[in-house]
């Protein structure tokens, strides 16, 4: 999945410079946030307990 994010970021960077629209640079960030939310939602614990567990890790 890491390779997919690298390819997506490279593609968006290329399109952003070619079209001179910097809005394309937000696509990899939004994709990563959506991926993170989906992975948290797949945990079989309640959502609040999952968030508490993630932020209590040291």
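In the chain, Cα pairs under 8 Å separated by at least six residues give a relative contact order of 22 percent.
Rounded to the nearest 500, the helix-only mean residue ellipticity at 222 nm of the chain stands at -24500 deg cm²/dmol, with each DSSP H run of n ≥ 4 adding -39,500 (n - 2.57). By the Stokes-Einstein formula, at 0.890 mPa s and 25 °C, the stretch 2-56 with its Kirkwood radius over alpha-carbon pairs has D equal to 190 µm²/s.
Rule-based calculations on the coordinates, nothing more; no lab input. Since the structure is predicted, the reported quantities are computational estimates derived from the model, not experimental observations.
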